[in-house]
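First the structure, which I've put down as C-alpha cells, then a few questions once you've had a look.
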Amino acid sequence: MLRILSFLLFLFVFTNYAITQELEIKTSATLSYEPGFFFKKPKSDDMDKALKEIRKNVWLSYTSTFSDAKMKQYLKVKEQIDPEIDNFITSLSVVDVNVKSELKTFTVYARAKINDTAVNARLSFLSKAGQTATGDGSPFTFLFIAKQAEKVLDFRDLDNNYEYTERRSADYSFKAYNPSFIDTAVTNILSTAGFEVISYSDLIIQCDAPNLNTISENLLKNDSMTADVRKKVIESAKKCDIDFLAIAILDIGIKSKIASNQNREINVSVQGQVWDIQKKLPRVIASIGPISSGVNEKDDLTAIKKALQTPSEEVAKGLVDQLNAKNIN
C-alpha cells in the first residue's frame, strides 16, 4: 500500500527548444504513367511527380499528429507555412518502387524526416506572442508542485509465491529544491515562444505570496491545493500585476521491479491548469495533461530525473500550443 509521507516541491519559471527533434514519417504515392514500347518503367518525369506527391503526403501525415490546439494555430498561418514545407523536410529517401505496367500505375514507398523543432519555432514566430516585443507581453508565472510517495510496495518471488513487503524508496528523504535540469529544459521552451515570465519566488518576496513550505504542508493533507491557498496565490499574483497563472501537480510513483537486479521503476504523471486572473473570477484558459512517463533505473534519483524530463517538456509545449491558439501573449 502506497502511503504519502513527503513531497517534492519544484518551482519552474518557464521560458527554448534546446534539442532538435526529428520525426520520421513513412508514406507512399500511387500514380498512373504511360509505358514506352521498349521501356516499361516510369520515366524520370513520372518519378519527379511521384516525389512531389510524396512530399505532400509526408506533410499531411505529420500535421495529422498535431493536437487540437496546435492544429488551430497552424490553420491560422497555413498559407505562410505551406510554401516552406521543403525547409522542414530534412531527408527523403525512396524505399521501394512497385510498377504494374499492365495497369499503367506505379507506387513509390518513401521514408522522410521532419524537423519538428523548426516547425514549432516557425509557428511560434508567427504567433501573437512571438511577434510581441520583449517586455510588451502579458506577465505570467508558473507553479509546478511534484509529490512523491516515500514508501513503496516491494515484490519478492519466493518459490512462485509472491510476498508483498513495504519498504522505503531507497531510504531517500526528498525535500524542496529547484532542479537545474528542469529549468533548462522547460524554461527555454516558453522563452523561445515569446512569453514573458515572472518567477514565483519574486512573488514571495515582493507580493507576500504563500511560500513553498506553506504550499507543501497544504498538499500533505490534501490531494490537491485547497481553495483558500490557491486564492492567496492568485491574490498575490494580482498584487504583482500578473495576468496569467499556471498551477500543475506532478505525481511521482516509485516501485520495485520483480527482477533479480531490483531496478526502481519510476512513473510520473502531470496535469494542471492555466488561469486568466485579470478579472475578479479567474478563468481557465488552458488545461494540461495528464501526461505520463516511466523509466527503470538502479537508483531513485536518476530515475526521477529522467522521468520528470519528458512530461515537463511536453507540458511546456502543450501550454505554448494552447496559448498561441488563443492569441494569448
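Please treat every number below as a calculation from the coordinates, not as lab data. Keep in mind that what you see is a predicted model, and the values were worked out from it rather than measured. Glycine also receives a Cβ, built like all others from the backbone with ideal geometry; neighbour counts cover every protein chain displayed.
Between Ser224 and Leu103, what is 0.36 nm times their sequence separation minus the Cα-Cα distance? Round to one decimal in nm.
Taking 0.36 nm per residue and subtracting the Cα distance, the gain is 37.2 nm.
So how far apart, in nm, are the two label points at Leu126 and Glu34 if each is 7 Å from Cα heading toward Cβ?
Once both label points are built, they end up 3.8 nm from each other.
Let me ask you something else. Among the lysines, select those whose C-alpha is under 24 Å from the C-alpha of Lys43, and discard any that sit fewer than 8 residues away in the same chain.
Lys26, Lys52, Lys56, Lys100, Lys104
Here's a follow-up. So how strong a dipole does region 22-126 carry about its Cα centre when Lys and Arg Cβ are +1 and Asp and Glu Cβ are -1, to the nearest 20 debye?
Dipole of region 22-126, to the nearest 20 debye: 140 debye.
Moving on. Which of rounded, prolate or oblate describes region 22-126 when judged by the alpha-carbon gyration tensor and an a/c cut-off of 1.5?
prolate
With a 10 Å Cβ neighbour count serving as the proxy for reagent exposure, in which order, fewest first, do Ile215, Ile234 appear?
The most exposed by this proxy come first: Ile234, Ile215.
Could you list, in their original order, any pairs among Lys49/Lys113; Lys78/Lys280; Lys49/Lys70; Lys113/Lys298; Lys49/Lys78 whose Cα atoms are separated by more than 25 Å?
Exceeds cut-off: Lys78/Lys280; Lys49/Lys70; Lys113/Lys298.
Calculate the FRET efficiency for Val284 and Thr214 from the Cβ-Cβ distance with a Förster distance of 22 Å, rounded to the nearest 0.05.
Here the calculated transfer efficiency is 0.40.
Oh, and also: Determine which lysines satisfy two conditions relative to Lys221: a Cα distance under 27 Å, and not lying fewer than 8 residues away in the same chain.
Within the straight-line cut-off, Lys221 pairs with Lys147, Lys151, Lys175, Lys231, Lys232, Lys238, Lys255, Lys305.
Any chance you could run the full-extension gain for Ile85 through Thr302? It's 0.36 nm times the residue separation minus the Cα-Cα distance, nm to one decimal.
Values: separation 217, 0.36 × 217 = 78.12 nm, distance 3.90 nm.
Gain on stretching Ile85 to Thr302: 74.2 nm.
Can you sort Tyr33, Tyr109 so the residue with the fewest Cβ neighbours within 10 Å comes first?
Listed from fewest to most nearby Cβ atoms, that is Tyr109, Tyr33.
Out of residues 5 or more away from Trp275 or on other chains, whose amide H comes under 5 Å of its own, with H placed 1.01 Å from N in the peptide plane?
Close amide H contacts, sequence-distant or interchain: Leu245, Ala246, Ile247, Ile285.
Given the peptides 199-207, 72-80, 37-45, 112-120, arrange them by the average over their residues of other C-beta atoms within 10 Å, most packed first.
112-120, 199-207, 72-80, 37-45
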